[in-house]
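The values are calculated or read from the model by the stated rules, or taken from the named source; none is laboratory data. Please read these numbers as outputs of a predicted model, since none were measured by experiment. So basically every Cβ, Gly included, is an ideal-geometry build from the backbone, and we count neighbours across all protein chains shown. Side chains included, ligands, DNA and RNA excluded: accessible areas come from the protein's heavy atoms. Shrake-Rupley method; radii C 1.70, N 1.55, O 1.52, S 1.80 Å.
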Amino acid sequence: MDRKVTQQVTRATFDEVMVPNYAPSAIIPVRGEGSRVWDKEGKEYIDFAGGIAVTALGHSNPTLVNVMREQAGQLWHLSNTMTNEPALRLAKKLTEKTFADRVFFANSGAEANEAAFKLARRYAFDNFGPEKNEIIAFYKSFHGRTLFTVSVGGQAKYKEGFEPTPGGIKHCDYNDIEQLKAIISDKTCAVVMEPIQGEGGIIPADIEFAKQVRELCDQYNALLVYDEVQSGVGRTGTLYAYEQLGVKPDVLTTAKALGNGFPVSAMLATEKAAKSLAFGTHGSTYGGNPMACAIAEAVIDIIDTPEVLGGVAKRHDLFVEGLKAINEKYHVFKDIRGMGLLIGAEVIDSLAGKAGEIVKASAEEGLFVLVAGPNVLRLAPSLIITEQDIADGLARLDKAIATVIANNKAA
Ligand SMILES: Cc1ncc(COP(=O)(O)O)c(C=O)c1O
């Protein structure tokens, strides 16, 4: 059956028919290739945002397009009353390549975290009784937007007005082991952390801190849950960031780049922990369907190679050099930090709250960048972005920053 799309829509349609929880920019991209994107009018953009650390292999990656087409012609969905070959192959790969023995598939980062937090509660319940139910997480962390994940997340603004939120959750400062020591106890069932805080401002964990968190979890029989939704799948230069910390978690969540934009996520767990999500305790209709898993399998095959992972460090250096050169010219950043291709540039105090202005000015110049909080400009481009795209994008960022400075002087 042939079907033709005739309905005309514009950015104004968003304000008429969409729930107003987002405020998208005026741009409506219609096509992408590698790290370049075009809108309806044919204006070209360079993508340093990667759909918020998602399109790690770029837009319309030809291998992924083929995998998707092939799987689409075979089988889309069955539900978890049956298993399927792509899911089994992907789970085998993830367990072979990581600390984990078992995998649960879901569709988004929040859902993978929801599963991880439920697993932590259930594991403690099964092994130590109902009193051991406290989850400890860190201020500034972000774990998703479901009621449980905003509650574990360390940013009050995401919980406001949604109370009562789930209880039994405590927070302390990231990279401050003394604070964690003061609140961890026999009641703690899990400590949840991002190996590098993303939304919180691109803040890497200190290696010593990460090691001591692991030791405290062991001492108190608490599970260590790593949220690698943003940092995973090659983003930091290793398949998962925990590899660089020399610490193995008990549970890890992965999403974003796992499907390169096709919704898929996973919770990885040790055998010991996974046992507690026994038959009937948890589930998802879509989670682990053949479409999503076929694509994710190809993503892992491509990313977990010396070419791609090795290329991350080289690209990191190019970005950091470029940002430093911009900074020498304009003196706008007080810190440039990050791991691999998750890079943050924190603006100086006189530009506090203005990172969003840089995002807007960049879009005008034909460049997508992100913020991580009000003061940090965040870059999370494709892991295979070309040197030419990096150079061209940095030149556009240079112009955008000149505009922001001029506007702020005028104001
Ligand atoms: C560390 C982390 N965890 C969880 C999430 C939530 O993922 P999703 O938006 O796919 O639910 C995000 C999203 O930005 C994230 O960065």
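The residues of the range 93-227 expose on average 42 square angstrom of accessible surface per residue, using a 1.4 Å probe on protein heavy atoms. A straight Cα-to-Cα reach below 19 Å connects LYS275 with the lysines LYS92, LYS118, LYS132, LYS248, residues fewer than 8 places away in its own chain not being considered. Peptide packing for 47-53, 188-194, 273-279 was compared via the average number of neighbouring C-beta atoms within 10 Å per residue; ordered from the highest value, the list is 188-194, 47-53, 273-279.
For ASN408 and PHE162 in one chain, what is 0.36 nm times their gap in residues minus the Cα-Cα distance, to one decimal in nm? Please report the intermediate quantities before stating the final value.
Numbers: separation 246, 0.36 × 246 = 88.56 nm, distance 3.61 nm.
Residue separation times 0.36 nm, minus the Cα-Cα distance, leaves 84.9 nm.
Take the Cβ atoms of GLU131 and GLN7, set R0 to 60 Å, and the FRET efficiency comes out at 0.60.
Ignoring everything except DSSP H segments at least 4 long, calculate the 222 nm mean residue ellipticity for the chain; use -39,500 (n - 2.57) per segment, divide by total residues, nearest 500.
Using -39500 (n - 2.57) per qualifying helix, the result is -12000 deg cm²/dmol.
The dipole here belongs to the chain: it is taken about the Cα centre, uses +1 on the Cβ of Lys and Arg and -1 on the Cβ of Asp and Glu, and is about 480 debye.
So if we plug the beta-carbon distance of LEU88 and LYS334 into 1/(1 + (r/R0)^6) with R0 = 51 Å, what FRET efficiency do we get, rounded to 0.05?
On the way: r = 49 Å, r/R0 = 0.96.
E between LEU88 and LYS334, to the nearest 0.05, is 0.55.
Of the chymotrypsin sites (Phe, Trp or Tyr not before Pro) in the range 127-185, the ones in a loop by DSSP (not H, G, I, E or B) with at most 14 other beta carbons within 10 Å are PHE162. Computed from point charges on the beta carbon alone (+1 for Lys and Arg, -1 for Asp and Glu), the dipole magnitude for the range 75-304 about its Cα centre is near 380 Debye. Straight-line reach from LYS409: taking Cα to Cα under 30 Å and skipping same-chain neighbours fewer than 8 places apart, the lysines in range are LYS43, LYS324, LYS329, LYS334, LYS354, LYS360, LYS399.
Along the chain, counting only GluC sites (Glu not before Pro) with a DSSP assignment other than H, G, I, E or B and at most 13 other Cβ atoms inside a 10 Å radius, the longest segment between sites is 161-411.
Applying a DSSP loop filter and a limit of 15 other Cβ atoms within 10 Å to the trypsin sites (Lys or Arg not before Pro) in the range 1-41 leaves ARG3, LYS4, LYS40. Measuring nothing but protein heavy atoms, the accessible surface of the chain at 1.4 Å probe radius is 54 percent carbon and sulfur. One decimal place: the segment VAL30-ILE52 gains 6.2 nm when fully extended, by the rule 0.36 nm per residue minus the C-alpha distance. Mind checking which of ILE303, ILE326, ILE343 has the largest fluctuation in a GNM of the chain, springs on alpha carbons under 10 Å? Looking only at ILE303, ILE326, ILE343, the biggest GNM fluctuation is shown by ILE326.
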